[in-house]
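Right, one structure below, let's go through it.
The values are calculated or read from the model by the stated rules, or taken from the named source; none is laboratory data. Predicted model, so just to flag it, every value in this text is computed and none were measured. Cβ placement follows ideal geometry from the backbone for every residue including glycine, while neighbour counts extend to all protein chains displayed. The area values use the complete protein model at the heavy-atom level, side chains included, leaving out ligands, DNA and RNA. Shrake-Rupley method; radii C 1.70, N 1.55, O 1.52, S 1.80 Å.
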Amino acid sequence: MNTATIEMPWRELRHRLRLAAQVLASLVVMTAGACAMLVVATLTGFRLRRFYSERMAAALGRILLAIFGVSFVVHRPGPWPSGQVVYISNHTSTIDMFVLIALGLPNARFFLSGFLRKLIPLGMIGYLIGIFWTVPQERPHDRRRIFQRASRVLARSGESVYLSPEGERVTTGRIGHFNKGAFHLATALRAPIVPMFIRIPREIDPGKGLGARPGTVHVHVGSAIDTSAWRVDDVESNRDRMRACYEQWQAELNAREAP
């Protein structure tokens, strides 16, 4: 038996032990963070959602990324919008959620899969920062009800919102199918869409898993897209046009990094 044969199992064991330690540390930090947020929220009468989201949850997101050695860089043409907008992005990895929370988007709420509520600390954090929990595509009636309620809440509050039209994470390196919810919402609110492209290097991307490796994620922010003239009848065409824009955006980023 040569040295290489011995080293491979040991390297794999070391990686698994490190991953287990990182996951355990993440759960401990997330639980502690959720409890701290609950205490602060109780003391402030649950009235400071932006503070819980933009300060406490954003700091917690950065800590969770740091546990796995992941940092991020934001590339944007100017400051974050001050008015109501609908943020969208591609969705390829488990890392996405933590990066988005860590961004501290101003006065923004999020759509996330209701499945994540089963993780109690995350469910508690989601309640405090006002997440809209979604259900699978196989339950269209419930999804419509959730989006209609979100539209009423956002129209009244003037808050921004983030959701990914690329509902199912894809690991093929291509842009996946786009759902219509984000475009229905933008049409109803008459709010500009701000597209973001989350660029995760393949060597650090865990896909649907938790095994992220150290590296840097790049968040590219595009210019706001006016939706004031959009109509409900055009939702599908607007969705398809936006997906084509993402495919072109991805091709441009690939070409820029090719050398």
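Express as a percent, rounded to the nearest 5, the fraction of DSSP beta bridges in region 106-259 (both residues included) that run antiparallel. Could you put the intermediate results ahead of the total?
Values: 5 of 11 bridges.
Of the beta bridges lying entirely in region 106-259, close to 45 percent run antiparallel.
Amide H to amide H, with H built 1.01 Å from N, V217 comes under 5 Å of S71, F72, V73, counting only residues 5 or more places away or on other chains.
So how do 132-138, 107-113 stack up, highest first, on mean other-Cβ count within 10 Å?
On the way: 132-138: 15.0, 107-113: 19.7.
Per-residue mean Cβ counts within 10 Å order the peptides as 107-113, 132-138.
Ranking G222, A191, S53 by Cα position along the charge dipole of the chain, where only Lys, Arg, Asp and Glu carry charges on their C-beta atoms, puts S53 farthest toward the positive end. Let me know the shape class of region 88-134, please: from the alpha-carbon gyration tensor, a ≥ b ≥ c as square roots of the eigenvalues, rounded when a/c is under 1.5, otherwise prolate if a/b is greater than b/c, or oblate. It is oblate, given that a/c is not under 1.5 and a/b is not larger than b/c. This model, with +1 at the C-beta of Lys and Arg and -1 at the C-beta of Asp and Glu, gives region 124-240 a dipole about its Cα centre of some 280 debye.
Over the chain, the fraction of Cα-Cα pairs per 10 Å bin, rounded to whole percents and listed from the shortest bin up, is 6, 28, 35, 21, 6, 2, 1, 0. In this structure the amide hydrogen of T227, modeled in the peptide plane, comes within under 5 Å of the amide hydrogens of I193, none closer than 5 places in sequence on its chain.
Simple rule: put +1 on each Lys or Arg Cβ and -1 on each Asp or Glu Cβ in the chain, find the dipole, and look at W10, I63, P121; the Cα lying farthest toward the positive end is P121.
Span-like helices, the chain: DSSP H, alpha-carbon axial extent 18 Å or more, mean Kyte-Doolittle 0.0 or greater, which ones?
Values: long enough: 3-43 (60 Å, 0.89); 140-157 (25 Å, -1.19); 235-257 (33 Å, -1.51).
Within the chain the helices that satisfy the rule are 3-43.
If you wrap a convex hull around the Cα atoms of region 1-101, how much volume per residue is inside, in Å³?
Working: hull volume 13.1 nm³, N = 101.
So the per-residue Cα hull volume is 130 Å³.
Using the 1.4 Å probe convention, the accessible area of region 140-242 works out to 51 Å² per residue with neighbouring protein chains retained. In a simple Cβ point-charge model (Lys, Arg +1; Asp, Glu -1; nothing else charged), the chain has a dipole of about 720 debye relative to its Cα centre.
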